[in-house]
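These notes are about the structure you will find just below.
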Amino acid sequence: MHSMTQPAPLPLLVRCARCGESKDPSEFYAHPKNPTGCQSRCKACIKARNVERRAEIIEYNRQHRWEDQRVRMASDARRRDRAAHRASDIEAKDIFIPEFCPVTGEPMWHSVDGPAPWSPCLVRIDKTCGYVRGNWKVISSNALVLESEPTGMLVR
Ligand SMILES: [Zn+2]
């Protein structure tokens, strides 16, 4: 019988499966289905893991966006189209960022610290339509200013 091996009353101390320390049950979040009534890991370990996971996600996003800024360019464009109730079909894989700005002829690259004159930007050709196939181009932020394009997107 279960009662022979599993004592019914809550234990005085619960051992954390992660750090291995035996702690007061109040140091654990509740888990009614466990025999101890506690989660297997203590609050401190769960909090530490959450902080760790958050740092991992931030680092992933930082690297991901740095490696392929087109992901951000496309999602920004789609968000703008959604906000303006325009059709939108732009995807990161469709975006080609030329080495040189087609307007100014100057080199383009993404800046780590935020928008810069040489940052590639998406700009719509027909302003009445959204970021749909054939209706956008990539030019430098500098060219955007020259074209006095008020709705252009600066890539951060
Ligand atoms: Zn622990």
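Within the bounds of the range 18-32, is there any residue that is of a type in the set (F, W, Y) and within 14 Å of the ligand (Cβ to nearest atom)?
yes
List the pairs whose first member sits in the range 71-82 and is assigned by TED's automatic domain parsing to the domain that holds D94, whose second member is buried (at least 16 other Cβ atoms within 10 Å of the Cβ) and β-branched (V, I, T), and whose Cβ atoms are under 6 Å apart, counting only residues at least 6 apart or on separate chains?
These pairs meet every condition: M73/I95; M73/V155; A74/I90; A77/I90.
Report whether or not R70 is surrounded by 14 or more Cβ atoms within 10 Å (Cβ to Cβ), modelled with pLDDT under 90 and under 30 Å from D94 (Cα atoms). Before the answer, list the steps.
Working: surrounded by 14 or more Cβ atoms within 10 Å (Cβ to Cβ): yes; modelled with pLDDT under 90: yes; under 30 Å from D94 (Cα atoms): yes.
So R70 passes the test.
Considering only residues that are assigned to a loop (DSSP other than H, G, I, E, B) and among the basic types (K, R), which ones fall in the range 20-60?
Matches in the range 20-60: K33, R41.
The values are calculated or read from the model by the stated rules, or taken from the named source; none is laboratory data. The shown structure was predicted, so the numbers you read here are calculated from the model rather than taken from an experiment. Backbone-built Cβ (ideal geometry, glycine too); neighbour counts: all protein chains shown.
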